[in-house]
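Okay, so here's the structure we're looking at.
The values are calculated or read from the model by the stated rules, or taken from the named source; none is laboratory data. The structure presented is a predicted model; accordingly, all values stated were derived computationally and were not measured. Every residue, glycine among them, receives a Cβ derived from its backbone with ideal geometry; neighbour counts consider all protein chains shown.
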């Protein structure tokens, strides 16, 4: 797919000068075809773009509902949200809630601001995923990955740095709204999600078990040492 994007960019560069595309208010792929007089191809591309965007939005809405479903099942969000349909075993109610919320936000929010908010949210998620790989490799060496890639220790750092660089190019207003949104999310997590999370309880239990085993081992070692000292004294 990346190679296809590169080839399309090269074709556009040969069709129309970038200065001519920069003069357009919202330059798109159809702008290049309209500039050379091929309006029929431009209409086909515009129609295909509409269909493509529609399918992408539908997939993202389904993904959003599944993410909220997983979070509610864990307890990070109210578990009532994880209720599924008795007939189809799908989160129908949650899908409607997510769809309605997205429709309201899209209808009442400035498109340019919404676009940048989506960009900074996606990039910040990529940064967390990239850094999370390094953290898991250090804290959970027992996890065996299904596959390996070259430069596994370098690529996550490069990915995080590039994403942060792209984030710095966004408007200051976007950063302000992002900070507010992040603060709301952290408040919900520490006030509710952290206490209700089943995964957090599991990690806490495992940590307590490891600490208990370590304490028992220390006591056993101390007992053995005391026994050895008593044997030495009795021999003397």
Cross-chain or 6+ apart pairs with Cβ under 7 Å, the range 41-67 first and farther than 21 Å from residue 93 by Cα, then surrounded by 13 or more Cβ atoms within 10 Å (Cβ to Cβ): 41/33; 42/30; 42/33; 42/34; 45/29; 45/30; 45/33; 46/30
Inter-residue pairs, beta-carbon under 8 Å, first touching a residue at least 40 places away in the same chain (Cβ under 8 Å) and in the range 99-113, second in a helix (DSSP H, G or I), 6+ apart: 102/61; 102/64; 113/173; 113/174; 113/177
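Conditions tested, residue by residue: (1) in contact with a strand residue (DSSP E or B) (Cβ under 7 Å, 6 or more places away or on another chain); (2) exposed (fewer than 10 other Cβ atoms within 10 Å of the Cβ); (3) at pLDDT 80 or above; (4) not in a helix (DSSP H, G or I).
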position	(1), (2), (3), (4)
143	no, yes, no, yes
151	no, yes, yes, yes
162	no, no, yes, no
178	no, no, yes, no
188	no, no, yes, no
193	no, no, yes, no
203	no, no, no, no
210	no, no, no, no
